[in-house]
Amino acid sequence: MSKSATKILNTAEKLFYENNFVGVGVDLIRDESGCSKTTMYTYFKNKNQLVKSVLESRDEKFRQSLLSYVADAKGREALNKLIDWHLLWFQEDNFKGCLFVRAVAESHYTDQDIIGVSKVHKIWIRNLITSYLQSDPKTDSLVEMIYTLIEGLISRFLVEGYDAKIAENIKNSINQMIDIYRSEEHTSELQSPD
C-alpha cells in the first residue's frame, strides 16, 4: 500500500474512532490527511470502501496486538491474557468502544461489506476463546458466556467508565465458570461406565 493510501487510512480510522462514521466526511479526511480528493478516490472509490478498508486494517492491527500480548501462552493462561489485553484497552484515555460494532450500528443493511468485515472480526475473537479452552461440544456454552461477558464489558466500560473492581470480579467469575465446568466434566468422566 502506498504512503498516501496508508495516511488516508490512518487518518480516517482516527477520525471515525474519535467521532463517528456518519459525521466524518471525505472532505475532513482529505483535509486532515493532507491528501487531495483525487488521491483519495484513486485508492478508495467511495466512503463505504474506505470504511471497509479502515475496518480491515484495524482488524489486522487488533489481531497482531492481541496475539503478541498472549504470545506463547496456552489454555487458561492464554484466555486470562486475552482478558487482560481487553482490560488494558478499556483503560486507555481514548477508549471509545468497539469500532466494528459502531460501524454496523451506523451502516445500512445493504452495506454487507462493512457488516461482513465486522462479523469476521467478532467470529475470530470467539474462535480464539474456543481454541484457548480446547473446546469440545460441551464447552460451547462456556465459550459463548465468556465471549458475551467480554463483549458486554466493552459497552459497559464505554458508558460507565472503567471500574477495576468490576473488571476483577468478571475475570474471577470467568475463571470460576471454567473451574465449575472442569469439575463437572471430571465428575461425569468418573461416573461414566466403560
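The values are calculated or read from the model by the stated rules, or taken from the named source; none is laboratory data. In this text, all values refer to a predicted model and were calculated from it rather than measured experimentally. Cβ sites come from the backbone with ideal geometry, for glycine too, and all protein chains shown count toward neighbours. SASA here: full protein model, heavy atoms, side chains in, ligands and nucleic acids out. Shrake-Rupley method; radii C 1.70, N 1.55, O 1.52, S 1.80 Å.
Worth pointing out:
- Accessible carbon and sulfur surface of the chain relative to its total accessible area, %, 1.4 Å: 51
- Here the chain is treated with +1 on each Lys and Arg Cβ and -1 on each Asp and Glu Cβ, and its dipole about the Cα centre works out to around 840 debye.
- Heavy atoms of residue 156 accessible to a 1.4 Å probe, total area in Å² rounded to 10: 90
- Surface calculation, 1.4 Å probe, protein heavy atoms: residue 182 sits at approximately 90 Å² accessible.
- In the context of the full set of protein chains, residues of the chain present 57 Å² of accessible surface per residue (probe radius 1.4 Å, heavy atoms only).
- Counting only protein heavy atoms and using a 1.4 Å probe, the accessible area of residue 138 comes to about 140 Å².
- Listed by chain and number, the aspartates and glutamates whose alpha-carbon sits under 16 Å from that of residue 165, ignoring those within fewer than 8 places in the same chain, are 84.
- Of 139, 6, the residue with the largest accessible area leads and the full order is 6, 139 (1.4 Å probe).
- Solvent exposure ordering (accessible area, 1.4 Å, most first) of 17, 109: 109, 17
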